[in-house]
Amino acid sequence: MDLMGSVLSRTPLERLAFNNVVLRTLPVDSSREPGSRTVKGACFSRVTPQSLDNPKFVAVSEPALSLLGLSAEDVLRDSHGAEYLSGSKLMPGSEPAAHCYCGHQFGQFAGQLGDGAVCYLGEVESRGQNHDNPCGRWEIQVKGAGLTPYSRQSDGRKVLRSSIREFLCSEAMFALGVPTTRAGSLVTSDTYVMRDVFYSGNPQPERCSVVLRIAPTFIRFGSFEIFHPVDDFTNRQGPSVGRHDIRAQLLDYVIETFYPNIQKSHSDRKERNAAFFKEVSMRTAKLVALWQSVGFCHGVLNTDNMSILGLTIDYGPFGFMDRFDPEFACNASDKRKRYTYEAQPYVCRWNLVRLAEALGKELQGSQAGAILDDYMPMYERFYMANMRKKLGLLQREEPEDQELVEDLLGTMYNTGADFTNTFRLLSQVPWPMEGEAEEATVERVVGLLLEQGAPMEELKCIARQAQLENCELEMMLSMSQANPAMFSIMASKPEVAKQLRKLGRLKELLETNKEDLAAKQRGDWLRWIQRYRRRLARECEKECDKPNVERLNMKRIQTMDSTNPRFILRNYIAQNAIEAAEKGDFSEVQRVLKLLERPYSAQPGVEHPGWLGQAHQGDAVVLADQVEPAGAYGKDPDSVARCLPYDRLVTNPS
């Protein structure tokens, strides 16, 4: 067969146009020395992915694959598709490598980290729309493909449950409009590793699984920390300390490739670098403002998990809030609650400070300081713009809007309201139009808000989570009597004041009954809705005729319903998909993916777990010959959560 015939006989995966620029631009350690080791003077290491036994697709994302010019059909019909997209077989042009980076983990410099379970396959020339990708290439990785020099004590493998969560959340975040890396496919296998899920000393075998990740680049803040000098606290240092030449190479590559407008606009290197740092800061502020607006908590906001492009990256522990709680933390190992929901904007700024330090003399300290000083005001602007949109405040900005939002969040917290559902319900609040009877509609909305709130015992449980030790509490109480002035100073400290408010809240709950609490909550919601409607009335002060008001109200409702999702990846939804997949039924992963791709729309037939029988076969993409029959699975549910509909949270099902 001639060369042309050989090319034409290749499958779409085999015809991907690889152009692995980063490996030609940045230093690559070519050593194949086995085992974990320190990699000096290099940004990447050559690796060989480990193959899987009988790899098979669990699910694929058509929108993500389209970035590579591929369709789901292209991938699923390829007899080697699951091998290619798990790293078990290499596509022509692929050059497997692992990225070297460091990071500050939970506030401390951890030294060399790197891609311990991730393998870079290469960069694919875009065949479709660039989707805000200035370089025109998509880096593809396989996560869970085996050992690299950075695996440390691990085996470089990922299992089905964690891979399902990453796959689904990557695509869910994209559909919510949050910048993120993408997930093109999920492959599992008959290769097993032992994992102790509950750290109980009873490890169990789990299937090795691989996610195909897609992004313009996976370079992160920690990529610049490989040049970190000896850390005063941990005594660790970066593997390439002192290599300012490589740092300059890395910085040039990032700016020239992913920020070409900045490169073209600045002839002075220091000014260029400052503009780059300002852009990264802006993207980071915008990203975390979006996280806050959808109730997303990252869980591991270390510097090695912060993208240089302002993308959500590395879905380890993560969670979407159910009940609104500013202290919500989704990482069980985060004992000190460093990465709570309310802390995320501040942690991201802290990480930006570490990035500025990592850039060293490439960035002037005074310029970095001025940019960092503007970070929180910039974040607040992005955040309030998001919240106004969520509340349908489209015509004007008022200083009181921040207080309106804070009052709403306070009411949500005090009533145990569901974060996602509350915002979704608020589009039903009637516009204040003189002469119309709207009280019944307001009462209905208040009833819905109260219905999805927390029961009294749960509110008490939340209030009991005050973090003051008994001895500290006794000291504070004694001080309040013996030295009121000193008590006032101590109580004004933010952390102490927060815990004292919790204790006051608990005291209030213990001294009331369910009927009085229900009446108070109803009054709180009525007061806030009245305030919100007064604010809505000011939206149309210049357009007071009825047709304009009706048009404005319609726009408000449409905006709110296309901004406040109906579906998010709640933990029980992900767990449903995981439990089904672990029993060989991949259809629930596909069903949930389909649901999350359209988070703002009603989707009859897909809004319940598949085993409840609400859906037809056609509601989920079926991967031919790869989905085992569910059998009796789901006919006798072993938990209430597995029967909940996917668009609401039920706390006390009857």
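The values are calculated or read from the model by the stated rules, or taken from the named source; none is laboratory data. In this text, all values refer to a predicted model and were calculated from it rather than measured experimentally. Here Cβ is always computed from backbone atoms with ideal geometry, including for glycine, and neighbour counts include all displayed protein chains. Areas reflect the complete protein model, heavy atoms only, side chains present, ligands, DNA and RNA absent. Shrake-Rupley method; radii C 1.70, N 1.55, O 1.52, S 1.80 Å.
Ranking request for peptides 187-193, 503-509: highest mean number of other beta-carbon atoms within 10 Å first, then the rest in descending order.
Ranked by mean Cβ neighbours within 10 Å, highest first: 187-193, 503-509.
Report, in deg cm²/dmol and to the nearest 500, the calculated mean residue ellipticity at 222 nm for the chain, where each DSSP H run with n ≥ 4 adds -39500 (n - 2.57) and the sum is divided by the residue count.
-13000 deg cm²/dmol
Sort 143-152, 41-50, 391-400 by the packing proxy (mean of other Cβ within 10 Å over each peptide's residues), most packed first.
Result, highest mean first: 143-152, 41-50, 391-400.
Using a basic spin-label model with each label point 7 Å from the Cα along Cα→Cβ, how many nm lie between residue 546 and residue 125?
Going from the residue 546 label point to the residue 125 one covers 6.3 nm.
Taking the Cβ of residue 341 as the center, what net charge do the other residues with Cβ under 11 Å away carry, scoring Lys and Arg +1 and Asp and Glu -1?
Once all neighbours under 11 Å are counted, the net charge is -2.
With Cβ to Cβ distances under 10 Å as the rule, what net charge do the other residues near residue 582 carry (K, R +1; D, E -1)?
0
With contacts defined as alpha carbon pairs under 8 Å and 6 or more residues apart, what's the relative contact order of segment 100-214 in percent?
About 23 percent, as a whole number.
Find which of 417, 605, 329 sits farthest along the positive direction of the dipole of the chain, computed with +1 on the beta-carbon of Lys and Arg, -1 on that of Asp and Glu, about the Cα centre.
It is 329, whose Cα lies furthest towards the positive end.
Defining a contact as two alpha carbons under 8 Å apart and six or more residues distant in sequence, what relative contact order in percent does the chain show?
12
How far is helix 587-596 tilted, in degrees, relative to the longest principal axis of the Cα atoms in the chain, given as a value from 0 to 90 rounded to the nearest 10?
Approximately 60 degrees, to the nearest 10.
Using a probe of 1.4 angstrom, how much of the accessible area of the chain is carbon and sulfur, in percent?
It is 51 percent, rounded to a whole number.
Determine one quarter of the surface area of the Cα convex hull of segment 124-194, which equals its mean projected area, and express it in nm² to one decimal.
Quarter of the Cα hull surface area: 6.5 nm².
Hey, what did segment 226-358 get for relative contact order, percent, Cα under 8 Å, at least 6 apart?
Reported relative contact order: 19 percent.
Could you tell me which residue out of 319, 52, 257 lies farthest along the dipole of the chain toward its positive end? Charges go on the beta carbon: Lys and Arg +1, Asp and Glu -1, centred on the Cα centre.
Farthest towards the positive end: 257.
Taking the Cα centre of the chain as origin, sum charge times position over the Cβ atoms of Lys and Arg (+1) and Asp and Glu (-1), and report the length of that vector in debye to the nearest 20.
820
List the pair-distance distribution P(r) of segment 545-617, using every Cα-Cα distance, as the percent of pairs falling in each 5 Å bin from 0 up to the bin containing the longest distance, rounded to whole percents.
Percent of pairs per bin, in order: 3, 15, 20, 19, 12, 8, 7, 6, 5, 3, 1, 0, 0.
Taking all protein chains together and a probe of 1.4 Å, list 266, 298 from the most accessible to the least accessible.
Ranked list, largest accessible area first: 266, 298.
Projected onto the charge dipole of segment 49-177 (+1 at Lys/Arg Cβ, -1 at Asp/Glu Cβ, origin at the Cα centre), which of 109, 70, 177 gives the Cα projection farthest towards the positive end?
Looking along the dipole axis, the top candidate is 109.
Taking a ≥ b ≥ c as the square roots of the eigenvalues of the Cα gyration tensor of segment 107-235, is the shape rounded (a/c under 1.5), prolate (a/b larger than b/c) or oblate?
Cα axes put segment 107-235 in the oblate bin.
If you roll a 1.4 Å probe over the heavy atoms of the protein chains, what accessible area per residue do you get for segment 1-141, in Å²?
Counting only protein heavy atoms, the per-residue value for segment 1-141 is 41 Å².
Sorted by average packing, counted as other Cβ atoms within 10 angstrom per residue and highest first, what order do 247-255, 546-554 take?
Averaged packing, sorted descending, gives the order 247-255, 546-554.
On each of the three principal axes of the Cα atoms of the chain, give max minus min coordinate, whole Å, ordered largest first.
81, 61, 60
Ratio of Rg to Rh for segment 1-140, alpha carbon only, Kirkwood?
Ratio of gyration radius to Kirkwood radius: 1.01.
Straight distance only, please: which lysines reach the Cα of residue 390 with their own Cα at less than 30 Å, same-chain residues fewer than 8 apart left out?
278, 286, 337, 460, 498, 502, 520, 542, 546, 555, 594
Within a Cβ distance under 14 Å of residue 264, other residues only, what is the Lys/Arg minus Asp/Glu net charge?
My count for the surroundings of residue 264 gives -3.
Using the C-alpha atoms of segment 76-168, what convex hull volume per residue, in cubic angstrom, is computed?
Given the Cα convex hull of segment 76-168, per-residue volume reads 161 Å³.
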